[in-house]
Structures are given as structure tokens and as C-alpha cells.
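The values are calculated or read from the model by the stated rules, or taken from the named source; none is laboratory data. Values in this document were obtained by computation on a predicted structure and should not be read as measured data. Cβ sites come from the backbone with ideal geometry, for glycine too, and all protein chains shown count toward neighbours. These accessible areas exclude ligands, DNA and RNA; they are computed on the full protein's heavy atoms, side chains included. Shrake-Rupley method; radii C 1.70, N 1.55, O 1.52, S 1.80 Å.
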Amino acid sequence: GFALVAAGTVDLMVDPLLMPYDIVPLIPIIEQAGGVVTDIDGKSPLQGGTVIAAGNAEVHAAAVAVLRGEA
């Protein structure tokens, strides 16, 4: 799913149970493709947990707001 975000095939991917080794290698790939990757608090997802990846900042911000109950 995260590779599909980087490829531009999907706009959003959320996974609540990632380990650091699951996401760390994908962060630079998604970001270099223009995407945004954070944890649910909008911080770097280097520790894993709930990870949100979006194809652009607008979709990412909306997803974080919904998941945090702010929208």
C-alpha cells in the first residue's frame, strides 16, 4: 500500500500496527515522490505505530484530522 502511494496509484495509506523496520525504508521513497509520511501525531514515524502516508500535504492533513477526531 505504501508503495502505491509513492507510485501515485492511491492517495492515502494508513496502517495502525507498523514496526520501525516496516516503514523506515519507505519514508524516503514516498517523500521523494512528493508524499508525506508521519505518525498519527504528525511526527516522524521512525518508531512505527500508526503511520499515515499521503500523496500530498492536503490529503495528509485531512486524514490526520479525521483520525484524531478533529474533523
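Which ones in region 33-60 are of a type in the set (A, V, I, L, M, F, W, C) and out of contact with any strand residue (DSSP E or B) (no Cβ under 8 Å at 6 or more places or on another chain)?
Selection gives Ala33, Leu46.
Kindly provide the set of residues from region 33-51 that are surrounded by fewer than 22 Cβ atoms within 10 Å (Cβ to Cβ) and closer than 18 Å to Gly8 by Cβ, ordered by number.
If we filter region 33-51 for residues that are surrounded by fewer than 22 Cβ atoms within 10 Å (Cβ to Cβ), which is where we start, we get 33-34, 36, 38-44, 46-50.
Of everything in region 33-51, those that are surrounded by fewer than 22 Cβ atoms within 10 Å (Cβ to Cβ) and closer than 18 Å to Gly8 by Cβ turn out to be Ala33, Gly34, Val36.
In region 17-45, how many residues are polar (S, T, N, Q) and either at pLDDT below 95 or under 17 Å from Ala63 (Cα atoms) (or both)?
Step one: filter region 17-45 for residues polar (S, T, N, Q), giving 32, 38, 44.
Filter once more, so that each one left must be either at pLDDT below 95 or under 17 Å from Ala63 (Cα atoms) (or both): 38, 44.
Residues meeting the conditions: 2.
Return only the number of the condition from (1) aliphatic (A, V, I, L, M); (2) under 9 Å from the mean Cα position of the chain (by Cα); (3) open to solvent by 60 Å² or more (accessible area, probe 1.4 Å) that Leu67 does not satisfy.
For Leu67, the failing item is (2).
What number of residues within region 40-55 satisfy the criterion of being in contact (Cβ under 8 Å) with a residue 24 or more places away in the chain and under 10 Å from the mean Cα position of the chain (by Cα)?
8
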